[in-house]
């Protein structure tokens with residue numbers, strides 16, 4: 001019987017993203033469900049840019065998220081485990097909220113504190129808090145661990161997967 005073995009210690013994403021922002025030319029390739037996690041971890045480095053504590057010359061962020069216009073396995077209705085247009089619309093709103101916020105923040109280099117505010121949902125005013133996924137635990141992988149390490153090989157495979165996804169089925173989104 002096979003079991004799961006933890007091969008890497010889980011670490012927060014935030015320190016690695018912040019380290020990237022210490023470079024002259026920041027380049028981040030992100031693949032995820034909605035951009036929520038990336039949005040959360042970008043707040044601190046972008047605030048530091050606004051305060052002139054970090055001064056990169058350029059920032060490039062590429063984001064791959066699912067196309068919610070097409071049927072998806074997840075998210076789905078829990079009861080039936082079947083794709084549902086309403087669930088996809090919900091996922092689309094989350095994705096747009098976070099990708100729009102990232103685009104706006106990078107364009108202006110500044111986030112504002114998360115606050116409770118009222119939005120219109122289904123024609124009704126609704127009070128919400130914007131979630132940020134800020135403290136999500138992820139697994140750190142870096143080329144700097146050595147060319148022959150499992151970690152370096154993982155990073156190379158992730159890049160090999162990301163590039164064709166980006167250049168073939170991804171499409172431009174302009175907020």
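Return a yes/no flag: does segment 128-145 have any residue that is on the phi > 0 side of the Ramachandran plot, modelled with pLDDT under 65, in a loop (DSSP other than H, G, I, E, B) and over 14 Å from the mean Cα position of the chain (by Cα). Checked segment 128-145: no residue is on the phi > 0 side of the Ramachandran plot, modelled with pLDDT under 65, in a loop (DSSP other than H, G, I, E, B) and over 14 Å from the mean Cα position of the chain (by Cα). I'm told residue 50 meets every condition in (1) free of Cβ contacts under 8 Å to residues at least 24 places away in the same chain; (2) loosely packed, with under 15 Cβ neighbours inside 10 Å except one. Can you identify the failing condition by its number? Only one criterion in (1) free of Cβ contacts under 8 Å to residues at least 24 places away in the same chain; (2) loosely packed, with under 15 Cβ neighbours inside 10 Å is unmet by residue 50, namely (1). Pull up segment 147-175, narrow it to residues that are modelled with pLDDT under 70 and loosely packed, with under 11 Cβ neighbours inside 10 Å, then point me to the one that is farthest from the chain's Cα centre (by Cα). So the residue we want is 148. If you go through segment 64-98 and keep only what is touching a helix residue (DSSP H, G or I) at 6+ places or on another chain (Cβ under 6 Å) and either within 18 Å of residue 20 (Cβ to Cβ) or at pLDDT 90 or above (or both), you end up with 64, 98.
Tell me yes or no: at least one residue of segment 70-88 is under 17 Å from the mean Cα position of the chain (by Cα) and either part of a helix (DSSP H, G or I) or under 30 Å from residue 26 (Cβ atoms) (or both). Checked segment 70-88: no residue is under 17 Å from the mean Cα position of the chain (by Cα) and either part of a helix (DSSP H, G or I) or under 30 Å from residue 26 (Cβ atoms) (or both). Counting only residues that are part of a loop (DSSP other than H, G, I, E, B), in contact (Cβ under 8 Å) with a residue 24 or more places away in the chain and farther than 21 Å from residue 32 by Cα, segment 53-69 holds 3 of them. Apart from one condition, residue 45 fits all of (1) surrounded by 15 or more Cβ atoms within 10 Å (Cβ to Cβ); (2) part of a loop (DSSP other than H, G, I, E, B); the exception is (2). Restricted to segment 62-108, and to residues there that are over 24 Å from residue 122 (Cα atoms) and touching a strand residue (DSSP E or B) at 6+ places or on another chain (Cβ under 7 Å), the residue that is surrounded by the fewest Cβ atoms within 10 Å (Cβ to Cβ) is 62.
From the residues in segment 17-41 that are part of a helix (DSSP H, G or I) and either under 9 Å from the mean Cα position of the chain (by Cα) or at pLDDT below 85 (or both), which one is farthest from residue 93 (Cα to Cα)?
In the first step, residues of segment 17-41 are kept if they are part of a helix (DSSP H, G or I); the result is 17-21, 36-41.
Okay, now just the ones that are also either under 9 Å from the mean Cα position of the chain (by Cα) or at pLDDT below 85 (or both), so 18, 36-41.
Values: 18: 27, 36: 11, 37: 15, 38: 16, 39: 14, 40: 16, 41: 20 Å.
Filtering segment 17-41 for residues that are part of a helix (DSSP H, G or I) and either under 9 Å from the mean Cα position of the chain (by Cα) or at pLDDT below 85 (or both), the one farthest from residue 93 (Cα to Cα) comes out as 18.
The values are calculated or read from the model by the stated rules, or taken from the named source; none is laboratory data. The shown structure was predicted, so the numbers you read here are calculated from the model rather than taken from an experiment. Neighbour counts are summed over all protein chains in view; Cβ atoms, including those assigned to glycine, are modelled from backbone coordinates with ideal geometry.
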